[in-house]
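**Student:** Please see the structure below; I have some questions.
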Amino acid sequence: MNAIKPPTPDRQATPTDMVSSRSLMRRLWHDELACHKLRILAVMVLTALMAIFSALYPLVIQRALDMFADHDPRILYQVPLLVVVITVAKAISQYGQSIAVQSLVLLVIRGLQQRMFHHLVHADISRIETEAPAQIAARFTTDAVAIREAMIRATNALGDAVTVVGLIASMLYMDWELSLIAAVLYPIAAMPVRRLGKRLRRESGGVHEQVGETSAMLTESFSQSRTIRVYRLEGAEERRAAHVLDGLHAGLLRIARGRARVDPMLEVLGGIAVAAVLGFAGWRATQGGATLGDFSGFVAALLLAARPLRALGTLNIALQEGLGGLQRVFDVIDEPVAVAQAPDAIDLPPGGGDLRFEQVTFRYPDGRMGLEGLDFVARPGLTVALVGPSGAGKSTALSLIPRLHDVSGGRITLDGVDLRRLVLSQLRDAIAYVSQDTLLFDLSVMDNIRMGNPQASDEQVRTAARAAAADEFIRALPRGYDTVVGPGGQRLSGGQRQRVALARALLRNPRVLLLDEATSALDSESEAIVQNALTHLRQGRTTIVVAHRLSTVRSADLVVVMAQGRAVECGTHDALMDEDGLYARMVRNQAFTL
């Protein structure tokens, strides 16, 4: 058993219903943006200044050409000075606006990531175990990037919109007739771009899921590198990777094609608008119309407006992709939690750990029965061994004790109180768990052990390590207790990781001790030392062991034999051998290791 979890079916990815853009943005404002009003005001002020300075360029060009035509000597100093002043002012406001926007957006992304992590770290264990870690991580990376880009584009769009308004005002001031021609043509591009944006939002959702699946596949493949080489699975893995990468490539290509249509479409419409303006202006010039300065200033404003107008045209594409990521983030945050603390939860009463399973039933999410009518009593100071064939429900029963899952029927009591009525933090503080295959955190050995009791002193940590037969090898490490063990504890052997995890459990001084054959990876000498430590630790405490070794079963005070989710036999080793039932057959068939 590698973890105290029931087997669960593969999670089927189903597309979530598309939430309206307006409701998503309204929620983003309410949940994250509303608390940063001063930052938003600073962004708006700096954006408006930057846009106003951009809109002044056509007027300066008009002024320069008119002065040039009139041979005005002030052109030697007035126009260059204006250009320098406007350019410097725009550069300063642009720098401030960029810093303000990035700071605001990153704060919002940080808030969303924190809320999502808070939800996931408190979510039901079944929700975490049914999705690959890489797919969950994609919510924090791929989706966060899409949201960040969309927010930056949306904020910049405010500046583009103000710039366009300023340039339109300049154009109207210089020539209202030409302004009407441009005003008719540019909005035509909005309709196809809007339809394309909605399509890309759907596409981006599928691609982000594929990114998570690709990361999960690669993580799995690299973590199984030894198995792949020993069983010569290189070719099969290459084909599997090719299939996953082909799907990702096809999705990304669809998005790239959709994005690629936008700029040419806007470019053609912009060119048509410029051509129409030039044609009309040329006809009017033959009739003795506006001055060269008016015409040149207008064309400059029109060309300057092309970039922000194109940016506004492509804004919808970025927004739709960002809203898709935002929807997926909110889907995670809004997931209901099945295992939660009761509103009227009570404190854990004093006691020695009297644990009772009373007609306990557990049903998997897909409807399969995991436990049915499980009934046994584990008294303080006694060791209860859960044995049985694979799939009998041993790990499922173990997972119900710290409420990683909740019972579907019946109840489990600790010192006379239903687990569901207890304060959840107090319940889990009273429990220590050591699995057969322990993964440690990428921290020092000292920090990994101290997780059992964060308030413990260094000497208490070392005492626990000595009791778990870990002190000797820890002191031999390059930096002793300060040695960082690497991701998953990969710098230690399996037996060393197990002893560190056992030291953590010893330091916790629990009321209930859960062991998933915690000494299976130890050598005989270390196992004897640890078993001696466990003998002292079990004094006055309840110990539940999922047992695979006959030596562990023999030493148990009570053996609960499970089959198909039920307790079919209960008793000591000798009593069960005398009954000559399922347990006796398992012993004779060498179902246990010696």
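The values are calculated or read from the model by the stated rules, or taken from the named source; none is laboratory data. In this text, all values refer to a predicted model and were calculated from it rather than measured experimentally. Cβ: placed from backbone, ideal geometry, glycine included. Neighbour counts: every protein chain shown.
**Student:** Test ILE40 against the stated conditions and say whether it is under 17 Å from GLN102 (Cβ atoms) and surrounded by fewer than 19 Cβ atoms within 10 Å (Cβ to Cβ). So that I can check it myself, show each step before the final result.
**Tutor:** Values: under 17 Å from GLN102 (Cβ atoms): yes; surrounded by fewer than 19 Cβ atoms within 10 Å (Cβ to Cβ): yes.
It is true that ILE40 is under 17 Å from GLN102 (Cβ atoms) and surrounded by fewer than 19 Cβ atoms within 10 Å (Cβ to Cβ).
**Student:** Inspect segment 473-482 for any residue being under 24 Å from ILE431 (Cβ atoms), in the same structural domain as ASP429 (by TED's automatic domain parsing) and among the aliphatic types (A, V, I, L, M) and give the result as yes or no. Working first, answer last.
**Tutor:** Quick first cut of segment 473-482, residues under 24 Å from ILE431 (Cβ atoms) only: none.
No, because not a single residue in segment 473-482 is under 24 Å from ILE431 (Cβ atoms), in the same structural domain as ASP429 (by TED's automatic domain parsing) and among the aliphatic types (A, V, I, L, M).
**Student:** Looking at (1) at pLDDT 85 or above; (2) surrounded by fewer than 17 Cβ atoms within 10 Å (Cβ to Cβ); (3) of a type in the set (Ser, Thr, Tyr), find the lone condition where SER551 falls short.
**Tutor:** Result: SER551 passes all but (1).
**Student:** Next question, about the same structure. Taking segment 455-511 as the region of interest, how many residues are polar (S, T, N, Q) and either under 21 Å from ARG538 (Cβ atoms) or buried (at least 22 other Cβ atoms within 10 Å of the Cβ) (or both)?
**Tutor:** Step one: list which residues in segment 455-511 are polar (S, T, N, Q), which gives 455, 457, 460, 463, 483, 490, 493, 496, 498, 509.
Still in the running and either under 21 Å from ARG538 (Cβ atoms) or buried (at least 22 other Cβ atoms within 10 Å of the Cβ) (or both): 460, 463, 496, 498, 509.
So the count comes out to 5.
**Student:** So which of VAL407, VAL434, VAL445 is crowded, with 17+ Cβ neighbours inside 10 Å, in the same structural domain as LEU506 (by TED's automatic domain parsing) and more than 30 Å from ILE346 (Cβ to Cβ)?
**Tutor:** Exactly one of VAL407, VAL434, VAL445 is crowded, with 17+ Cβ neighbours inside 10 Å, in the same structural domain as LEU506 (by TED's automatic domain parsing) and more than 30 Å from ILE346 (Cβ to Cβ), namely VAL445.
**Student:** Something else: Enumerate the helices (runs of 4 or more DSSP H) found wholly within segment 86-198, keeping only those where 1 or more residues are modelled with pLDDT under 70 and crowded, with 17+ Cβ neighbours inside 10 Å. Full working, then the answer.
**Tutor:** Numbers: elements: 125-129, 133-140, 142-174, 176-185.
Result: 142-174, 176-185.
**Student:** Next question. Looking at VAL445, VAL360, which is the one that is among the hydrophobic types (A, V, I, L, M, F, W, C) and within 26 Å of GLN341 (Cα to Cα)?
**Tutor:** Working: VAL445 fails: within 26 Å of GLN341 (Cα to Cα).
Every option except VAL360 fails the conditions.
**Student:** Does ASP366 satisfy the criteria of being among the charged types (D, E, K, R), in a loop (DSSP other than H, G, I, E, B) and surrounded by fewer than 18 Cβ atoms within 10 Å (Cβ to Cβ)? Show your work before the answer.
**Tutor:** Working: among the charged types (D, E, K, R): yes; in a loop (DSSP other than H, G, I, E, B): yes; surrounded by fewer than 18 Cβ atoms within 10 Å (Cβ to Cβ): yes.
Yes.
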